[in-house]
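First up is the structure itself, then whatever we jot down about it.
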Amino acid sequence: MKKNIVIVVVFALACLSFQIKMNKKDVLVMLHFNFQNEPLVLTDKKYVTKTNDTVTITKMKFYLSNIVLQLEDGSEYKESNSIHLVDAETLSSLGFILKNVPDIKIKKIRFYIGIDSLTSVSEKFDGDLDPSLGMYWAWNTGYINMKLEGKSSSCNSVKKEFQFHIGGYLPKQNALQEIELNIERKQNINIEIELSNWLDFMSLKENNSIMIPGEKAIAMSQKYKNMFKIN
């Protein structure tokens, strides 16, 4: 009798385990860089912004972190170790998989653009946080959240270059921005980064360089929030 009970319990647990696995799914997140609704081309293509700046983009990279999915039943999925360095030059960085997401319709996705203060002081210098990747300043300034570089005849710099390295995690310097996007599709998530939504509303003649944390970096981070949307 006891043997039969044990068999039933083991079978029930196996069925439950199978059911749990069946109720999970992997979700592919893809990122697409655009400029004026066309795929972004680095270095070799010139674009004209709404402020009449002719620009060439040579570098575009940022940190996407702390991903949270809001599900239709009110629950949330939080990605563990959620840090992704997205680089327009590196194809492999433009897609990643969220593992073991509950098989429930996704309503929203939230994430940070940048690295939060806790991670900035943790000294976890591995993976996408490796300083050799060119996105780390120093212990007191932390990580560069967003890096944009290029050239424009509008710039008054010697080489006609513009450089925006936006970051900072200390009080009154925190340039971390949270993005929340609605999702209608059930399967994969496609995030479009429309770079013109940032550059169209600045004058490179007046401002073509931010390289340290501070008020200007915070103001700039608020502008590039508008680049992100679900495709």
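Computed quantities for the displayed model
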item: Selection within segment 38-49 - open to solvent by 60 Å² or more (accessible area, probe 1.4 Å), modelled with pLDDT of 95 or more and not β-branched (Val, Ile, Thr); result: Glu38, Pro39, Lys45, Lys46
item: Enumeration of residues in segment 158-187 that are under 29 Å from Glu76 (Cα atoms) and surrounded by 15 or more Cβ atoms within 10 Å (Cβ to Cβ); result: Gly167, Gly168, Tyr169, Asn174, Ala175, Leu176, Gln177, Ile179, Ile183
item: Filter result (farther than 26 Å from Lys59 by Cβ and assigned to a strand (DSSP E or B)) within segment 98-109; result: Leu98, Lys99, Asn100, Val101, Pro102, Ile106, Lys107, Lys108
item: Residue selected from segment 70-112 under the condition open to solvent by 70 Å² or more (accessible area, probe 1.4 Å) and in contact (Cβ under 8 Å) with a residue 60 or more places away in the chain, by the criterion nearest to the chain's Cα centre (by Cα); result: Ile97
item: Residues of segment 135-149 that turn out to be within 14 Å of Gly114 (Cα to Cα) and part of a loop (DSSP other than H, G, I, E, B), as a count; result: 2
item: Condition check for Asp87: modelled with pLDDT of 95 or more, out of contact with any Lys or Arg (no Cβ under 9 Å at 6 or more places or on another chain) and not hydroxyl-bearing (Ser, Thr, Tyr); result: no
item: Pairs, first at negative phi in segment 55-66, second among the polar types (S, T, N, Q) and open to solvent by 20 Å² or more (accessible area, probe 1.4 Å), C-beta under 6 Å, six or more apart; result: Thr58/Thr43
item: Members of segment 113-157 that are crowded, with 16+ Cβ neighbours inside 10 Å, more than 27 Å from Ser92 (Cα to Cα) and among the hydrophobic types (A, V, I, L, M, F, W, C); result: Cys155
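The values are calculated or read from the model by the stated rules, or taken from the named source; none is laboratory data. Keep in mind it's a predicted model, so treat the numbers as computed, not measured. Note: ideal-geometry Cβ built from the backbone for every residue, glycine included; neighbour counts use all protein chains shown. Accessible surface areas use protein heavy atoms only, side chains included; no ligands, DNA or RNA. Shrake-Rupley method; radii C 1.70, N 1.55, O 1.52, S 1.80 Å.
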